[in-house]
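Trainee: Sharing a structure here in structure tokens format.
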Amino acid sequence: MGWKKLIMGEKMPDKNDPKYKERYEKEVSTGRKAAKILKIDKTAGCIQRFACKNPKWFLAIVFGIVLGCLSLNIYRIVQVCNRPKTEEVTTAAQKQEKLLNQKRLNHKTQ
């Protein structure tokens with residue numbers, strides 16, 4: 001593989017292009033098999049039926065999940081911003097080293 005092809009990539013294949021038709025059909029069939037094995041196709045069908053029968057409930061659930069995730073992110077940002085500032089900034093690795101040293105000292109004294 002040449003550098004130019006590695007960086008720029010290759011042209012997106014068209015599903016009707018005879019050069020890529022066999023590869024496209026193989027990938028589609030593999031995807032369908034995986035969806036059938038994982039039962040993603042049936043789950044998607046159930047969700048689609050529910051969404052068609054109850055569009056308001058479906059939208060309420062989806063936007064509820066989105067707003068819940070957004071509020072959780074905002075909550076975490078506020079928690080981090082309001083964290084008391086310490087003069088000593090330590091990394092997680094430094095904290096682990098400190099704990100390991102404390103354990104070593106405890107084992108030596110016992």
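Trainee: On C-alpha positions alone, give me the angle between the axis of helix 18-38 and the longest principal axis of the chain, in degrees, nearest 10.
Mentor: The two axes meet at around 60 degrees.
Trainee: Keeping the other protein chains in place, figure out the carbon and sulfur percent of the accessible area of the chain, with a 1.4 Å probe. Walk me through the intermediate numbers first.
Mentor: Details: 6960 of 11120 Å².
Carbon and sulfur atoms account for 63 percent of the accessible area of the chain.
Trainee: Which one, E97, E88, E27, has the greatest fluctuation when you compute a Gaussian network model over the chain with C-alpha springs under 10 angstrom?
Mentor: E97
Trainee: With the other protein chains left in place, how much accessible area per residue, in square angstrom, belongs to the chain at a 1.4 angstrom probe? If you can, show how the numbers build up before the last one.
Mentor: Values: 11120 Å² over 110 residues.
Per residue, the chain has an accessible area of 101 Å².
Trainee: Given R₀ = 35 Å, what would the calculated FRET efficiency be for C69 paired with H107, taking r from the Cβ atoms and rounding to 0.05?
Mentor: Working: r = 44 Å, r/R0 = 1.27.
E(calc), rounded to 0.05, equals 0.20.
Trainee: For a test of understanding, tell me how many lysine pairs in region 7-73 have Cα atoms under 23 Å apart, given they are 8 or more places apart or on different chains.
Mentor: 15
Trainee: So which lysines pass the test for K108, namely a Cα distance under 23 Å, with those fewer than 8 places away in the same chain ruled out?
Mentor: Of all the lysines, those that pass the test against K108 - Cα under 23 Å, at least 8 places apart if same chain - are K95, K98.
Trainee: What are the trypsin sites (Lys or Arg not before Pro) within region 1-108 that DSSP puts in a loop, where the Cβ has at most 16 other Cβ atoms within 10 Å?
Mentor: Numbers: sites: K4, K5, K11, K15, K19, K21, R23, K26, R32, K33, K36, K39, K42, R49, K53, K56, R76, K85, K95, K98, K103, R104, K108; in loops: K11, K15, K39, K85.
Passing both the DSSP loop test and the Cβ count: K11, K15, K39, K85.
Trainee: Evaluate the charge dipole of region 25-110 about its Cα centre and quote only its size in Debye, nearest 20, assuming +1 on the Cβ of each Lys and Arg and -1 on the Cβ of each Asp and Glu. If you can, show how the numbers build up before the last one.
Mentor: Working: 17 positive and 6 negative charges, 76 e Å.
Here region 25-110 has a charge dipole of around 360 debye.
Trainee: Moving to a separate point now. Put +1 on the Cβ of every Lys and Arg and -1 on every Asp and Glu Cβ in the chain; which of C81, N54, I40 then has its Cα farthest towards the positive end of the dipole?
Mentor: Going by the charge dipole, the pick is I40.
Trainee: Still on this structure, please answer the following. May I ask for the Rg/Rh ratio of the chain, computed from Cα atoms with Rh as the Kirkwood radius, given to two decimals? Before the final figure, lay out the partial values.
Mentor: Numbers: Rg = 27.1 Å, Rh = 21.5 Å.
Over the Cα atoms of the chain, Rg/Rh equals 1.26.
The values are calculated or read from the model by the stated rules, or taken from the named source; none is laboratory data. Everything numeric in this text was worked out from a predicted model, so none of it was measured. Cβ sites come from the backbone with ideal geometry, for glycine too, and all protein chains shown count toward neighbours. Keep in mind that these areas ignore ligands, DNA and RNA; they rest on the heavy atoms of the full protein, side chains included. Shrake-Rupley method; radii C 1.70, N 1.55, O 1.52, S 1.80 Å.
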